[in-house]
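Read the structure below first, then the notes.
The values are calculated or read from the model by the stated rules, or taken from the named source; none is laboratory data. Remember, predicted model here, so these are calculated numbers, not experimental data. Cβ sites come from the backbone with ideal geometry, for glycine too, and all protein chains shown count toward neighbours. Areas reflect the complete protein model, heavy atoms only, side chains present, ligands, DNA and RNA absent. Shrake-Rupley method; radii C 1.70, N 1.55, O 1.52, S 1.80 Å.
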Amino acid sequence: MTLRPGSGQAGTRIVIFAKAPVPGKVKTRLIPALGAEGAARLATQMLERTLEEATAVDVGAVELCSDPAPDDVVWDRYRDKADLVADQGPGDLGERLACAARRVIDEGDRILLIGTDSPDLDRVHLRNAANSLDEFDAVIHPSLDGGYALLGFSRFDPSLFEGIAWSTDEVAAQTIARIEALGWSLHVGETLRDIDVPADLP
């Protein structure tokens, strides 16, 4: 992990899970509609927009949780756009999300976990989500495909990420059920769009 000088104050850390916008390796389900280069260009635009919106929210540090690892040269152009750059690490999506969440909570911050796929997730949503953690244990913005565009909380429990049917329309529902089973208070925010498949592009 690298830390930008003068950053990392305690607060609510916005952690952006991002895959490097390399043609043929990112947004592959959009390649039939956009081609490999076009899908990578869209991924670049979405990553840059997400960083811009996140850094406009003054609630704490912004962390880019990267795949591949942060020492890869592909991330050079983004290093000065985030306070921290960290490695997602090994494992499936649930294991990587859990690892990042546990680390942030252990370091004394609350966390907002987001990706780069939702064009609706802006600085207003992010600020409101951070503020909601003053009142609730957790916050979620479901997405139209049944996943979620944002998941935030002020304490950690691994059950939020274990046994979730990732990449299905059950992700948000299963996550909400896990939060309710823990007895945590939850704010469910607006359902947002994301862009994963050609039908999402219009």
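See the values below:
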| quantity | calculated |
| --- | --- |
| Which numbered condition A86 fails, given (1) in contact (Cβ under 8 Å) with a residue 60 or more places away in the chain; (2) part of a strand (DSSP E or B); (3) open to solvent by 20 Å² or more (accessible area, probe 1.4 Å); (4) not β-branched (V, I, T) | (3) |
| Candidate set: the range 165-181, residues that are assigned to a loop (DSSP other than H, G, I, E, B) and under 16 Å from the mean Cα position of the chain (by Cα); chosen: the one farthest from C99 (Cα to Cα) | S167 |
| Residue in the range 94-102 that is closer than 13 Å to I16 by Cα, among the basic types (K, R) and in contact with a Leu (Cβ under 7 Å, 6 or more places away or on another chain) present | no |
| Selected residue (criterion: farthest from the chain's Cα centre (by Cα)) from residues of the range 119-151 that are part of a loop (DSSP other than H, G, I, E, B) and under 15 Å from I14 (Cα atoms) | L133 |
| Hits in the range 186-202 (condition: surrounded by 14 or more Cβ atoms within 10 Å (Cβ to Cβ) and either assigned to a loop (DSSP other than H, G, I, E, B) or of a type in the set (G, A, S) (or both)) | G189, T191, R193, D194, I195, D196 |
| Test: residue in the range 45-55 that is open to solvent by 30 Å² or more (accessible area, probe 1.4 Å), touching a strand residue (DSSP E or B) at 6+ places or on another chain (Cβ under 9 Å) and outside any loop (DSSP other than H, G, I, E, B) | yes |
